[in-house]
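Please read the structure below before turning to the comments.
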Amino acid sequence: MSKIISVHSFRGGTGKSNITANLAATIARYGHRVGIVDTDIQSPGIHVVFGFDEEMMDLCLNDYLWGRCDIEETAYDVSSVLKDVAHKDSAIYLIPSSLNLGEITKVIRDGYDVGLLHDGFQELIDKLNLDYLFIDTHPGLNEETLLSITISDTLIIILRPDRQDFQGTAVTVDIARQLEVPEMLLVVNKALSNLDFTALQEQMESSYNALVAGILPLCEEVAQLASSDIFCLRYPKHPLSQIVEAIAKQILT
């Protein structure tokens, strides 16, 4: 059985796309076939972590949504990022959204048939024989986000230890419960090293009545990498990479 995992944050700037890329790569490394769809169509970005730019995208998610192609035609095999750590069955497919200003403007102005996304996700799973499909969502709540949450087997909510994130996350958690998401995990990112991580975890789990899968520290090495690579593959022994691996194992169970 394939598993759909939506990664969401109520506000931007939480590191959602980087965390999505690192979790997907970690799971693929174990010998799984993984897809990643960038549904943040208004401000796409996860392609950067995989070394993609506009010139490398013949087709993208926008083309599928406008009826120009089948969704599997927008999937790019980026398994090469795994290099020598790949299992013989490992595979990663990236479905990017367009960086073209005209395409982004068209989405903002005209919208699109969100129902196509539901069909497209299932087609990707079937055509690419995926074990896991990650959906990198648009921050906040809109029709596309609600669809992604509704069809997810696991919803991962990224938040920072910040009051604005706390309030927005409470809204997302409440909606996810109303939509009866089977599994919900919280991941706290960019936590200052002087915080008591154990107390922070207890506070989050008490406030949201949800499991905190991991707390990622604010890390200078991540900032220095500047989304130019997948951190966990570049620095597999780093403490942050070990936390990401622990989160990935919770997804796999």
Would a scan of the range 184-193 turn up a residue that is farther than 24 Å from G12 by Cβ and either open to solvent by less than 80 Å² (accessible area, probe 1.4 Å) or modelled with pLDDT under 95 (or both)?
no
Which pairs do you get when a residue that is in contact (Cβ under 8 Å) with a residue 12 or more places away in the chain and more than 23 Å from D70 (Cα to Cα), found in the range 125-154, comes within reach of a residue that is in a loop (DSSP other than H, G, I, E, B) and of a type in the set (D, E, K, R), reach meaning Cβ atoms under 6 angstrom, with the pair 6+ apart or on two chains?
P139/R11
Quick one: which residue in I36, I41 is of a type outside the set (S, T, N, Q) and part of a loop (DSSP other than H, G, I, E, B)?
I41
Do any helices (runs of 4 or more DSSP H) lying entirely in the range 109-219 carry at least 3 residues that are closer than 25 Å to I36 by Cβ and touching a helix residue (DSSP H, G or I) at 6+ places or on another chain (Cβ under 9 Å), and which ones are they?
114-127, 143-151, 163-178
Assess whether I95 counts as being touching a residue at least 12 places away in the same chain (Cβ under 8 Å), open to solvent by less than 40 Å² (accessible area, probe 1.4 Å), out of contact with any His (no Cβ under 7 Å at 6 or more places or on another chain) and of a type in the set (A, V, I, L, M, F, W, C).
yes
Being closer than 16 Å to G35 by Cβ and over 20 Å from the mean Cα position of the chain (by Cα): is that true of K83 here?
no
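The rows are residues; the columns are (1) buried (at least 16 other Cβ atoms within 10 Å of the Cβ); (2) among the small types (G, A, S); (3) over 18 Å from the mean Cα position of the chain (by Cα).
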position: A199; (1), (2), (3): no, yes, yes
position: S206; (1), (2), (3): no, yes, yes
position: Q224; (1), (2), (3): no, no, yes
position: S241; (1), (2), (3): yes, yes, no
position: E245; (1), (2), (3): yes, no, no
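The values are calculated or read from the model by the stated rules, or taken from the named source; none is laboratory data. Worth saying up front: this structure is predicted, and the values here are computed from it rather than measured. Don't worry about glycine lacking a Cβ; one is built from the backbone with ideal geometry, like all the others, and counts go over all protein chains shown. In case anyone asks, the SASA skips ligands and DNA or RNA and just uses the protein heavy atoms, side chains included. Shrake-Rupley method; radii C 1.70, N 1.55, O 1.52, S 1.80 Å.
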